[in-house]
Amino acid sequence: MSFPTRRLRRLRTSAKMRELVQETNLSPRDFICPVFVQEDLKTRIKVESMSEIERLPLEDINDEVETISDLGIPAIMLFGIPSNKDEAGSSAFDDNGIVQKAIAQIRKNFGDKIVIMADVCLCQFTSTGHCGIIQGNKIDNDTSLETLAKTAVSQAKAGVDTVSPSAMMDGQVAAIRKALDDEGFTDVSIMSHSAKHRSSFYSPFRDAAECAPKFGDRKTYQVPFTNAREAMMEVETDINEGVDIVMIKPALSYLDLIAETRKRFNVPVAAYSVSGEYALVKGAATQGWVNEKDITEEILYSIKRAGADMIVTYFAKSAARFLQES
Ligand code: PBG
């Protein structure tokens, strides 16, 4: 009888041995925690499709950020739900807008204790629910760039660390970089949703942030989920335009693109584990069909293993808690 020459199980004999050879690590430091803030809200509202996720009134933001920071999570990603929407998306770049107010308040209370990132997009702020400005019957790329740039500058004035454009307009990184630099905000960084795919995994978010398109879909501006080379061109274009951190979005069905981006480029790579990924796990866990902690751990480690340096995830707080315990 011939013995196998290599027995990989020799390195799996005990917990300590497995720890010794573990290749991928996960820590609360890897997370960016999304925070939804809604204008004129009196008390928190639960997001129906995303169990344990809430929209917060401005008054509750400090407590929320404190909880996040105490868990060892270094960054938040702010999403605003304004009271007023119009065709121009003007509440997005209002210096007194809900996102701007939240940024200023967090900066005042926390100083440099947390990295403040904010979504730069128009779909929550336009009456059409589209990520750009409509001219005639289409989303006009270049008009939208001006609005996105103004939005980024108003967030910078409020004290944001990192603006995170997610509108998928061509040239958005260059337009925002130029506008920030022209206004003296040379140290405000840009984490672009570089390869943001047209995905059905976003539907619970539309419930969370009231930003479903009123007509049509986002196929004319988001990346088709069939095209990997096109996704790499999006990443490359953002790098050429001066982006600081690139992002692949969603995460779990796009691990190949995370790995490819990590291999090809030297910029930090973020992955956005989106609302639908969260809702699928929560839905099955609530039924008792999967173990929530185990499956969350496996998903987040897999995203790290693929090559992500950081993960935007709705599991940030719960995962930070179980990582602290283990
Ligand atoms: C806004 C935006 C969306 C998400 C983040 N920013 C929705 C969309 O493009 O339809 C989705 C995030 C998630 O599903 O968690 N442009």
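The values are calculated or read from the model by the stated rules, or taken from the named source; none is laboratory data. Please read these numbers as outputs of a predicted model, since none were measured by experiment. Note that each Cβ is placed from the backbone with ideal geometry, even for glycine, and that neighbours are counted across all protein chains shown. Quick note on the areas: whole protein, heavy atoms, side chains included, nothing else; ligands and nucleic acids left out. Shrake-Rupley method; radii C 1.70, N 1.55, O 1.52, S 1.80 Å.
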(message) If the requirement is being closer than 19 Å to residue 32 by Cβ and within 14 Å of the ligand (Cβ to nearest atom), which of these qualifies: 200, 194, 144?
(response) 194
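State all residues of region 154-169 that are of a type in the set (Val, Ile, Thr) and surrounded by fewer than 24 Cβ atoms within 10 Å (Cβ to Cβ); if no residue qualifies, say none. Reasoning before the result, please.
The first filter runs over region 154-169 and keeps only residues of a type in the set (Val, Ile, Thr), leaving 160, 162-163.
Correct list: 162 only.
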(request) Within region 267-288, count every residue that is touching a helix residue (DSSP H, G or I) at 6+ places or on another chain (Cβ under 9 Å), among the hydroxyl-bearing types (Ser, Thr, Tyr) and closer than 28 Å to residue 232 by Cα. (result) 3
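If we scan region 87-96, do we find a residue that is surrounded by 21 or more Cβ atoms within 10 Å (Cβ to Cβ), touching a residue at least 12 places away in the same chain (Cβ under 8 Å), part of a helix (DSSP H, G or I) and within 16 Å of the ligand (Cβ to nearest atom)?
Taking region 87-96 and keeping what is surrounded by 21 or more Cβ atoms within 10 Å (Cβ to Cβ), we get 89, 91-93.
Add one more test, that the residue is touching a residue at least 12 places away in the same chain (Cβ under 8 Å), and what stays is 89, 91-93.
Subset that is part of a helix (DSSP H, G or I): 91-92.
Remaining after also requiring within 16 Å of the ligand (Cβ to nearest atom): 91-92.
Yes: region 87-96 contains one or more residues that are surrounded by 21 or more Cβ atoms within 10 Å (Cβ to Cβ), touching a residue at least 12 places away in the same chain (Cβ under 8 Å), part of a helix (DSSP H, G or I) and within 16 Å of the ligand (Cβ to nearest atom).
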(request) Could you look through region 272-309, keep only residues that are over 14 Å from the mean Cα position of the chain (by Cα) and not in a helix (DSSP H, G or I), and pick out the one that is farthest from the ligand (Cβ to nearest atom)? (result) 288
(message) Exactly one of these conditions fails for residue 223: (1) surrounded by fewer than 21 Cβ atoms within 10 Å (Cβ to Cβ); (2) within 14 Å of the ligand (Cβ to nearest atom); (3) among the β-branched types (Val, Ile, Thr). Give me its number.
(response) (1)
(message) Looking at (1) within 15 Å of the ligand (Cβ to nearest atom); (2) over 18 Å from residue 121 (Cβ atoms); (3) assigned to a helix (DSSP H, G or I), which one does residue 234 not meet, given that it meets all the others?
(response) (2)
(message) Against the condition assigned to a loop (DSSP other than H, G, I, E, B), in contact (Cβ under 8 Å) with a residue 60 or more places away in the chain, open to solvent by 30 Å² or more (accessible area, probe 1.4 Å) and more than 9 Å from the ligand (Cβ to nearest atom), how does residue 214 come out, does it pass?
(response) yes
(message) I need a count of the residues in region 174-226 that are modelled with pLDDT under 95 and more than 30 Å from residue 52 (Cβ to Cβ).
(response) 5
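Take residue 47 and decide whether it is within 17 Å of residue 312 (Cα to Cα), in contact with a Phe, Trp or Tyr (Cβ under 8 Å, 6 or more places away or on another chain), open to solvent by less than 20 Å² (accessible area, probe 1.4 Å) and in contact (Cβ under 8 Å) with a residue 12 or more places away in the chain.
Numbers: within 17 Å of residue 312 (Cα to Cα): no; in contact with a Phe, Trp or Tyr (Cβ under 8 Å, 6 or more places away or on another chain): yes; open to solvent by less than 20 Å² (accessible area, probe 1.4 Å): yes; in contact (Cβ under 8 Å) with a residue 12 or more places away in the chain: yes.
The answer is no for residue 47.
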(message) Which numbered condition in (1) of a type in the set (D, E, K, R); (2) within 15 Å of the ligand (Cβ to nearest atom); (3) within 17 Å of residue 311 (Cβ to Cβ) is the only one that residue 207 fails?
(response) (3)
(request) Would you point out which residue out of 143, 151 is polar (S, T, N, Q), within 20 Å of residue 221 (Cα to Cα) and open to solvent by 10 Å² or more (accessible area, probe 1.4 Å)? (result) 143
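Of the residues 317, 249, which single one is more than 23 Å from residue 222 (Cβ to Cβ), touching a strand residue (DSSP E or B) at 6+ places or on another chain (Cβ under 7 Å), modelled with pLDDT of 95 or more and not hydrophobic (A, V, I, L, M, F, W, C)? Show your work before the answer.
Numbers: 249 fails: more than 23 Å from residue 222 (Cβ to Cβ).
Answer to the selection: 317.
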(message) Name the single residue that is farthest from the ligand (Cβ to nearest atom) among those in region 243-264 being open to solvent by less than 30 Å² (accessible area, probe 1.4 Å) and not aliphatic (A, V, I, L, M).
(response) 261
(request) Taking residue 67 as meeting all but one of (1) out of contact with any helix residue (DSSP H, G or I) (no Cβ under 9 Å at 6 or more places or on another chain); (2) touching a residue at least 60 places away in the same chain (Cβ under 8 Å); (3) polar (S, T, N, Q), write down the number of the exception. (result) (1)
(message) Considering only residues that are hydrophobic (A, V, I, L, M, F, W, C), closer than 17 Å to residue 34 by Cα and open to solvent by 40 Å² or more (accessible area, probe 1.4 Å), which ones fall in region 105-140?
(response) 115
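Do we have residue 203 as over 30 Å from residue 157 (Cβ atoms) and either under 17 Å from the mean Cα position of the chain (by Cα) or open to solvent by 60 Å² or more (accessible area, probe 1.4 Å) (or both) here? Step through it out loud before you land on a result.
Numbers: over 30 Å from residue 157 (Cβ atoms): yes; either under 17 Å from the mean Cα position of the chain (by Cα) or open to solvent by 60 Å² or more (accessible area, probe 1.4 Å) (or both): yes.
Here the answer is yes, as residue 203 does meet what is asked.
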(request) Answer yes or no as to whether residue 269 is within 16 Å of the chain's Cα centre (by Cα) and more than 13 Å from the ligand (Cβ to nearest atom). (result) yes
